[in-house]
Amino acid sequence: MNITVYCGANLGKDPEFAERARELGSWMAEKGYRLVYGAGDVGMMGIVSNAVLQGGGEVLGVTPDFFILAEEIHEELTELRITADLTERRAVMIEEGDAFIALPGGTGTLDEISEVMSLTRLGLLGDRKRPVMIYNINGYYDHFFRFMDRMAEEEFFGRRDRENVIEVTCIEDIEKVMMTAGQSDTGRNRLYNR
């Protein structure tokens, strides 16, 4: 089973971000989950991918060709897929994912996880559960969750849609959510079934 992880190419100021990314990667390797991510070897991306690889796990890196020219690609990946642009990269990462996790990151991370949230809302991710998780380390995503709650209050985002974005704060939370991945999901969360 594949977990697509979205995260920053920087480490951020809080050292716990890197610690939890490392822990996530080690756990994924131990459980046999393959990492799907943006192929970088720096920042949070480098931390999580190195932890998976060091644990003997598999890593699929997906990157547009212009990042290769900038020499920002991890050189020891299990598999590397090169795309024409960022749009194709996002599509491949979504297609390959059985579950999705956003670690702390910037606008790219928000862009990627928001697209998955929208596809889930529209019922376009198929008929099996593909959980969408936000890893809220040290409250990093507190404002994001408050904003989603406000969207739901103002009826721009259905309550059920909001419930489908799962806040996780530790590996144990992720492990529980992953128990549902791949289960039948027919009829759930279609746009007009809020």
Which condition number in (1) part of a loop (DSSP other than H, G, I, E, B); (2) on the phi < 0 side of the Ramachandran plot; (3) of a type in the set (Gly, Ala, Ser) is the one that Gly46 fails? (1)
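Select from the range 131-163 the residues that are part of a loop (DSSP other than H, G, I, E, B) and out of contact with any helix residue (DSSP H, G or I) (no Cβ under 9 Å at 6 or more places or on another chain) and list them in ascending order.
Kept after step one, since they are part of a loop (DSSP other than H, G, I, E, B), are these residues of the range 131-163: 131, 136, 140-141, 154-158.
Answer for the range 131-163, where residues must be part of a loop (DSSP other than H, G, I, E, B) and out of contact with any helix residue (DSSP H, G or I) (no Cβ under 9 Å at 6 or more places or on another chain): Tyr141, Glu154, Glu155.
Taking into account only those residues within the range 1-16 that are part of a loop (DSSP other than H, G, I, E, B) and touching an Asp or Glu at 6+ places or on another chain (Cβ under 9 Å), which is farthest from Gly182 (Cα to Cα)?
Initial filter on the range 1-16 (part of a loop (DSSP other than H, G, I, E, B)): 1, 7-14.
Checking the rest, the ones that are also touching an Asp or Glu at 6+ places or on another chain (Cβ under 9 Å) come to 1, 9.
Working: Met1: 9, Ala9: 29 Å.
Filtering first and then ranking leaves Ala9.
Answer yes or no as to whether Val59 is buried (at least 19 other Cβ atoms within 10 Å of the Cβ), hydrophobic (A, V, I, L, M, F, W, C) and in contact with a Gly (Cβ under 8 Å, 6 or more places away or on another chain).
Working: buried (at least 19 other Cβ atoms within 10 Å of the Cβ): yes; hydrophobic (A, V, I, L, M, F, W, C): yes; in contact with a Gly (Cβ under 8 Å, 6 or more places away or on another chain): no.
Judged against the criteria, Val59 is not a match.
Hey, among the residues in the range 151-163 that are of a type in the set (D, E, K, R) and closer than 21 Å to Tyr135 by Cβ, which one's surrounded by the most Cβ atoms within 10 Å (Cβ to Cβ)?
Our first condition is that a residue be of a type in the set (D, E, K, R); within the range 151-163, this holds for 153-155, 159-163.
Those still in the list that are closer than 21 Å to Tyr135 by Cβ too: 161-163.
Values: Asp161: 20, Arg162: 17, Glu163: 10.
Across the range 151-163, the extreme among qualifying residues is Asp161.
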Is there any pair with a first residue in the range 69-98 that is within 18 Å of Cys7 (Cβ to Cβ) and modelled with pLDDT of 90 or more and a second that is small (Gly, Ala, Ser) and assigned to a loop (DSSP other than H, G, I, E, B) whose Cβ atoms are under 8 Å apart and which are 6 or more apart or on different chains, and what are they? Leu77/Ala39; Leu80/Ala39; Arg89/Gly38; Met93/Gly38; Asp98/Ala181; Asp98/Gly182
Taking the range 115-143, which residues are at pLDDT below 95 and among the hydroxyl-bearing types (Ser, Thr, Tyr)? Ser118, Thr120
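State all residues of the range 105-115 that are touching a residue at least 60 places away in the same chain (Cβ under 8 Å) and either under 10 Å from the mean Cα position of the chain (by Cα) or part of a helix (DSSP H, G or I) (or both); if no residue qualifies, say none.
Residues of the range 105-115 touching a residue at least 60 places away in the same chain (Cβ under 8 Å): 105-106, 108-109, 112-113.
Across the range 105-115, the qualifying residues are Gly108, Thr109, Glu112, Ile113.
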State whether the residues of the range 164-181 include one that is touching a Lys or Arg at 6+ places or on another chain (Cβ under 6 Å) and either exposed (fewer than 14 other Cβ atoms within 10 Å of the Cβ) or in a helix (DSSP H, G or I) (or both). no
When you look at Leu119, is it part of a loop (DSSP other than H, G, I, E, B), out of contact with any strand residue (DSSP E or B) (no Cβ under 8 Å at 6 or more places or on another chain) and not charged (D, E, K, R), yes or no? no
Tally time: how many residues in the range 17-39 are of a type outside the set (Phe, Trp, Tyr), outside any helix (DSSP H, G or I) and buried (at least 21 other Cβ atoms within 10 Å of the Cβ)? 4
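The values are calculated or read from the model by the stated rules, or taken from the named source; none is laboratory data. Computed from a predicted model, the values in this text were never measured in an experiment. With ideal geometry, Cβ positions are generated from the backbone for all residues, glycine too; neighbour counts draw on all protein chains shown.
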